[in-house]
Amino acid sequence: RTAELDSICLKAQIIPVITIQRLEDAVPMCRALVEGGLSVLEITLRTECALEAVKRLRDALPAASIGVGTVLTPAQYRQAEQVGADFVVTPGATEALYRHGVGSPVPMLPGVATVSELMTGWQYGYRRFKFFPAESSGGAKALKAFGAPIPEARFCPTGGISMDNAGEYLSLPNVMCVGGSWLTPKDMVEAEDWDGIRELARQAAQRFHL
Ligand code: 3PG
């Protein structure tokens, strides 16, 4: 599990967190991100069309790693498995999700915001976590502090991350990648500005040497 997640995160230190409002945007928007150099994408289950979008992305962009995010229940986890997700991301974690993840063929990146939550995940065998919401849960300072008692845990912080502060997180030894919605700004998506999104991805990939 840990190795699988590491190989996905190694492919891209920056993971766009994407909420698809219009199903027809999914493929051109995600193609632009991949062409720009970001090939690991998280599609959130915050809209009705999210699962259908993941199915289309699997066919259209076979080289990309597609995760399903905002998974709150084992039922949603199963839906993510059925549409071919490469990984599952949760904003927080419950015992039910931890148990489901242990037996699932699809690895889970559980969300934690405190050391106690981290310890619960650790007990179930999880070693890789999402740190959410990163900026309001203490930011890079908090993650640095998590590294003292549990240095083996690695994180993907999300929530309030942008080009301006991504580097601060990525320089920590326990951060494997960062995620965020800043690569798909609402105005650009509404304007179907896929060239603009490709350029944003390219800048991020270049800046962080992907
Ligand atoms: C997530 O679920 O990871 C967040 O919604 C992304 O946070 P951001 O919108 O602040 O980047």
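Every number in this text was worked out from the coordinates using simple rules, so none of it is lab data. Note that the coordinates shown come from a computational prediction; the quantities given were computed from them, not determined experimentally. Every residue, glycine as well, gets a Cβ built from its backbone with ideal geometry; the counts of neighbours run over all protein chains shown.
Before moving on, here are some points about what is shown:
- Number of Lys pairs (Cα under 28 Å; 8 or more positions apart or on different chains) in the chain: 10
- Residue 108 long-range amide H proximity, modeled H, under 5 Å: 88
- Stretchable slack from residue 209 to residue 35, in nm (0.36 nm times residue separation minus alpha-carbon distance): 61.1 nm
- GNM flexibility winner over the chain from 125, 179, 36 (Cα, springs under 10 Å): 125
- Distance between the stretch 85-103 and the stretch 137-209 - C-alpha centres, whole angstrom: 21 Å
- Report note on the peptides 55-64, 90-99, 130-139: ranked by the mean count of other C-beta atoms within 10 Å, highest first, their order is 130-139, 90-99, 55-64.
- Cβ-placed point charges (K, R +1; D, E -1), dipole of the chain about Cα centre in debye, nearest 20: 600 debye
- ³J(HN,Hα) computed for each position of the stretch 94-100 - Karplus, 6.51 cos²θ - 1.76 cosθ + 1.60, integer Hz, glycine/proline x: 10, 4, 4, 5, 4, 5, 4
- Percentage, to the nearest whole number, of Cα pairs in the chain over 24 Å apart: 36 percent
- Each residue of the stretch 145-156 was assigned a 3J(HN,Hα) from its phi angle through the Karplus curve 6.51 cos²θ - 1.76 cosθ + 1.60 (θ = phi - 60°); the sequence is 5, 4, x, 5, x, 10, x, 6, 6, 10, 10, 10 Hz, with glycine and proline shown as x.
- Applying 1/(1 + (r/R0)^6) with r as the Cβ-Cβ distance of residue 187 and residue 11 and R0 = 30 angstrom yields a FRET efficiency of 0.60.
- 5 angstrom amide H check on residue 40, placed H, neighbours 5+ away: 65
- Farthest toward positive dipole pole in the stretch 126-184 [+1 Lys/Arg, -1 Asp/Glu at C-beta], among 182, 160, 147: 147
- Amide H contacts under 5 Å for residue 180, placed H, 5+ residues apart: 15, 17
- Our coupling estimate for the stretch 175-189, obtained by passing each phi through the Karplus curve with A = 6.51, B = -1.76, C = 1.60 and θ = phi - 60°, is 10, 9, 6, 10, x, x, 8, 5, 7, 10, x, 3, 5, 5, 5 Hz, Gly and Pro reported as x.
- Mean sequence separation of contacting Cα pairs (under 8 Å, at least six apart), scaled by the length of the chain, corresponds to a relative contact order of 24 percent.
- Debye intensity ratio I(q)/I(0), log10, the stretch 1-126, q values 0.09, 0.20, 0.23 Å⁻¹ (C-alpha model): -0.23, -1.11, -1.39
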